[in-house]
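The values are calculated or read from the model by the stated rules, or taken from the named source; none is laboratory data. Bear in mind the structure is a predicted one, so any value in this text is a computation, not a measurement. Don't worry about glycine lacking a Cβ; one is built from the backbone with ideal geometry, like all the others, and counts go over all protein chains shown.
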Amino acid sequence: MANSRQARAGGSFGRVLATTALAGALSATNAAAQDGTITMGDDGSMELGTIVIDAASEELKQALGASTITAEDVEEYLVTNDVSELVKTQPGVNLTGNTTTGQRGNNRQIDLRGMGPENTLILIDGRPALSRNSVRMGRSGERDTRGDSNWVPPSAIERIEVIRGPAAARYGSGSAGGVVNIITKAPTERETTVKLFSEVPESDKEGATYRANIVTSGPLTDRLSYRSYLSYNQSEGDDADINEDATDEGESVAAGSEGVHNWDFNTLLEFRPDSVNTYGVELGYSRQGNDYAGDALFQGVDRVDDSLIGEETNVMQRSTLALTHRGDYGFGEVNSYLQWEHTDNRRLNEGLAGGSEGLIDSTDDYNTALLDNVTAKSEWDIYSRAFGVDQTITLGAEYRGEWMNDPSSLEQGLGFENGESIPGTDEAGERDPESEAHLLGFYVESNMMLSDSFTLTPGVRVDRHSEAGVNWSPSLNASWEATSNITVKAGVSRAFKAPNLFQLNPNYVYRTRGRGCPVNYESRGNGCNILGNPDLEHETSWNKEIGIAYRNDAGWNAGLTYFKNDYENRIGASLEPELVVGPEGDQTQIFRWDNAPKAVVEGLEGNLLVPLADTLSWSTNATVMLRSENLQTGQPLSLVPDYTINSSLDWEYRPNWSFNLGLTHYGTIESPEKSVTNGGEIENREDRDPYTLVNLTTTYDFDNGLTLQGGVKNLFDTQVMREGTSNSAGANTYNEPGRSFIVSISKTF
């Protein structure tokens, strides 16, 4: 079986990191792996050379919890701006916040298998995108961020790999839910594509989108090639009163979706000095600025400065520089990278305490947080027949370093007036704005073909975090071809996430003057403080799945998977005080970020592809969430539907003219009963009722490289409103836009 590893998907850096381990491994392998050639002996016997099998990374991409979105899928769907709206159509995927608070409800991010956006690792060409970590994490665990899935324009994407469950543990911290790997187009062919895109909503209260981009690539010499793209997108924000009719009289009106205008530029140079080595250097810059819609954590648009509505109140700038190397040798393959990622997070000053938390309190006073991430990785796939078993051994080493300078998030005072202090926490104005953490990991895997029908992939990863210590992540995945059409697969792994810089920093203070104190520990006169905790442990999760897949020569494809994640040490703001400071009647209770004992997520994923005719196919996938529960509180971990169905009908009317009819149905989203922030009972426990969205698109290719596309999103105008801020909305915490019309034209030269 030829190795099918995609060259650009896995990236890693530095041969030196793996030299010692590689030398030891090579001694246990054949001197040079053969490609399955047959040698005839003098007596007429045949000897089969070592069979080269897929690397573990490629085998795990075929797991039941893995799916791939192609460039054709991206173009056919007519993505508005952020590819998260397409990723959410895959099994096991939802868009949600990191908690059940509903705060920042319209800034939903990718959530894999109910583990929350913070446990979804976003990669771009196999390299982590970590800019959202520069955004302050509120007491509830939410950030005012759009996430990291919108740094690449849709036209520059070759494919998107979505890996869920046990197969994702190999990617290290932040992958407990899974991994979304956005892979850009490679510089393989000489071509230039210019595209114009527009989406206009039927409702005049919703914002329109306009985009223009160019993607160009090709050889500069026999050994040097390039790929560049430049894109500008402007998505307008919703009107301030879009949710007014959905809000009960006297309640604060929740903000709609804010707009975003983004510039994206990237250029890649690849140098191939010989037939086995490829070196690359890549430089990128993106700028995302918002159109403020009036959102805050506890306040509605009727209580904010309306002069800011539609204005730019925050800007995220992301710059990257990456060096890469790929090698394809007789004994195996190597992928390496070194990346520097710089994020400039500039925002109007916001409140840090009580009901004003997250509320803009200045129209001209900006604060800037700077985050630098250095990531490096080296991964070696070595062909072997050690112990008489055909296998590919993978050795890897990874480093992540993060440095943040954020004075604005550390300005909140402790509220003491009697000279009291807290060990390890400095007074406001004396706190060091700089913080850092380092993570070093090593892993080994082996993809072993034990028989013609049975493949076993054991692995182990060990990481050491400079603050949270050591974590071990063993894994075991198996695949059995029961028949030529039926395959049974199973896997188990221990995934983890290191605490972030806000959670670890004892100088990161949230203060409430009384009403925000936990209900079991009401104010003793001087409110409550929640502080970062340098003693936090890693979040961990034992992820398990088992399922069956069916495929036949006629093109039918079906599968069913059961998954269960046993979640431990989930980090959140504690509801029990660590200590009490101050005199009787004027006391302040001190709380910390802490590790919650246990939680569990389990569910079912299914898929079905039916070729109805040579030019007509029907595909459907479904996700059922059987359980999502914090075992300490009995509350769900995030707001996700109890089931989701995605169905698509693809018709190739002519070789150059196609149609797609897509449907997504969401089941009930149940409201939480208790508040994450103070543990109190929630008065409004209204569930979000089931609803269905239908999209219709068509693509026509002319002979001269011109492509015309059109479509209608939300064909039946199923508009769903956000009904309040924070927990006042129950589960009705986000807007689902109504009917819109799309036209796109592109020209390839």
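Table for the structure above
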quantity	calculated
Residue match in the stretch 344-356 (condition: touching a Phe, Trp or Tyr at 6+ places or on another chain (Cβ under 6 Å), modelled with pLDDT of 95 or more and farther than 21 Å from GLY138 by Cα)	no
Qualifying residue in the stretch 650-659 (condition: part of a loop (DSSP other than H, G, I, E, B) and either in contact with a Cys (Cβ under 8 Å, 6 or more places away or on another chain) or aliphatic (A, V, I, L, M) (or both))	no
The stretch 247-264 - residue that is in a loop (DSSP other than H, G, I, E, B) and among the hydrophobic types (A, V, I, L, M, F, W, C) and, of those, surrounded by the fewest Cβ atoms within 10 Å (Cβ to Cβ)	VAL253
Lone unmet requirement of (1) closer than 25 Å to ALA156 by Cα; (2) of a type outside the set (Gly, Ala, Ser); (3) within 25 Å of the chain's Cα centre (by Cα); (4) surrounded by 21 or more Cβ atoms within 10 Å (Cβ to Cβ) for ASP295	(1)
Residue in the stretch 499-506 that is touching a Lys or Arg at 6+ places or on another chain (Cβ under 8 Å), surrounded by 19 or more Cβ atoms within 10 Å (Cβ to Cβ), over 30 Å from THR483 (Cβ atoms) and modelled with pLDDT of 90 or more present	yes
Condition check for THR145: within 23 Å of VAL374 (Cβ to Cβ), out of contact with any Asp or Glu (no Cβ under 6 Å at 6 or more places or on another chain) and surrounded by fewer than 24 Cβ atoms within 10 Å (Cβ to Cβ)	yes
Residue within the stretch 49-59 that is under 30 Å from TYR562 (Cβ atoms) and at pLDDT 90 or above present	no
Qualifying residue in the stretch 321-330 (condition: among the small types (Gly, Ala, Ser), over 25 Å from the mean Cα position of the chain (by Cα) and buried (at least 21 other Cβ atoms within 10 Å of the Cβ))	no
Test result for GLY547, part of a loop (DSSP other than H, G, I, E, B) and touching a Ser or Thr at 6+ places or on another chain (Cβ under 8 Å)	no
Among (1) under 30 Å from GLY680 (Cα atoms); (2) surrounded by fewer than 16 Cβ atoms within 10 Å (Cβ to Cβ); (3) modelled with pLDDT of 95 or more, the one test that TRP657 misses	(1)
Any hit, the stretch 122-134, residues being modelled with pLDDT under 95, touching an Asp or Glu at 6+ places or on another chain (Cβ under 9 Å) and among the acidic types (Asp, Glu)	no
Tally of residues being within 26 Å of the chain's Cα centre (by Cα), modelled with pLDDT under 95 and not in a loop (DSSP other than H, G, I, E, B) across the stretch 668-710	0
Residue check for ALA66: touching a residue at least 60 places away in the same chain (Cβ under 8 Å), surrounded by fewer than 24 Cβ atoms within 10 Å (Cβ to Cβ) and within 22 Å of THR540 (Cα to Cα)	yes
Any pair with Cβ under 6 angstrom, 6 or more apart, that starts in the stretch 73-92 at a residue that is in contact (Cβ under 8 Å) with a residue 12 or more places away in the chain and on the phi > 0 side of the Ramachandran plot and ends at one that is buried (at least 23 other Cβ atoms within 10 Å of the Cβ) and of a type in the set (Lys, Arg)	GLY92/ARG113; GLY92/ARG164
Members of the stretch 350-398 that are farther than 24 Å from ARG127 by Cα, of a type in the set (A, V, I, L, M) and part of a strand (DSSP E or B)	ALA353, ILE360
All positions within the stretch 318-349 that are farther than 30 Å from GLU379 by Cβ and in a strand (DSSP E or B)	ASP344, ASN345, ARG346, ARG347, LEU348
Search result, residues across the stretch 372-386 that are farther than 27 Å from GLU341 by Cα and surrounded by fewer than 21 Cβ atoms within 10 Å (Cβ to Cβ)	ARG385, ALA386
Cross-chain or 6+ apart pairs with Cβ under 6 Å, the stretch 537-566 first and surrounded by fewer than 23 Cβ atoms within 10 Å (Cβ to Cβ), then of a type in the set (Asp, Glu) and part of a strand (DSSP E or B)	THR540/GLU568; TRP542/ASP566; LYS564/GLU602
Among residues of the stretch 298-307, those that are part of a helix (DSSP H, G or I), surrounded by fewer than 19 Cβ atoms within 10 Å (Cβ to Cβ) and touching a Ser or Thr at 6+ places or on another chain (Cβ under 9 Å), counted	3
Some residue of the stretch 225-246 being assigned to a strand (DSSP E or B), touching a helix residue (DSSP H, G or I) at 6+ places or on another chain (Cβ under 8 Å), small (Gly, Ala, Ser) and in contact (Cβ under 8 Å) with a residue 40 or more places away in the chain	yes
Filtered residue count, the stretch 187-214, keeping only those that are among the small types (Gly, Ala, Ser), surrounded by fewer than 21 Cβ atoms within 10 Å (Cβ to Cβ) and assigned to a loop (DSSP other than H, G, I, E, B)	2
One residue from THR278, THR267 being surrounded by fewer than 22 Cβ atoms within 10 Å (Cβ to Cβ), touching a residue at least 60 places away in the same chain (Cβ under 8 Å) and not in a loop (DSSP other than H, G, I, E, B)	THR278
Residue within the stretch 181-192 that is at pLDDT 95 or above, within 22 Å of VAL87 (Cα to Cα) and among the aliphatic types (A, V, I, L, M) present	yes
